[in-house]
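Comments concern the structure below.
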Amino acid sequence: MESFAGMSGLLINAAKSQMFVAGQELALILSEAAPRGIPVGNLPICYLGMPLTTKSLTAQEYEPLIDKDSLEEEQTRIGVRENERRHQMTWKSADQHYKIIDKQMRNRIISLKYSGQHQNAGLLQRWLEIVG
């Protein structure tokens, strides 16, 4: 470490540093760290409360990041969007539903083929009296 400091002019700040050891030269590195007051850390390294690792984190490791209220709200929003997508519809007001039903009824009544004294003759007039 002294040779690195001599060449680069950079010194290790022991208060902000930790040494992480891996491999066969464990004793050598520990003997370098102890006299300088540099603590030896354990793996996995944690940064901002989260372990830095190449493997996938577990639910327990994600726990500090999760805001329970925000998670429930987001799950509700996702559920509504998924339901709309699945049924290809959006939420409609009662007035919008009324207009849709009225239009469908008028189209259905108009599409009926009336001949002479058909039992449904005058159905459109009766529908217009009801909703009119």
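The values are calculated or read from the model by the stated rules, or taken from the named source; none is laboratory data. None of these values were measured; they are calculated from a predicted model. So basically every Cβ, Gly included, is an ideal-geometry build from the backbone, and we count neighbours across all protein chains shown. Calculation scope for accessible area: heavy atoms of the full protein, side chains included, ligands and nucleic acids excluded. Shrake-Rupley method; radii C 1.70, N 1.55, O 1.52, S 1.80 Å.
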Solvent exposure, largest accessible area first (probe 1.4 Å, DNA, RNA and ligands not counted), of Met105, Met19: Met105, Met19
Theoretical FRET efficiency, 1/(1+(r/R0)^6), r = Cβ-Cβ of Asn83 and Phe20, R0 41 Å, to 0.05: 0.25
Translational D in µm²/s for the range 1-53 (Stokes-Einstein at 37 °C, 0.692 mPa s, Kirkwood Rh from C-alpha pairs): 263 µm²/s
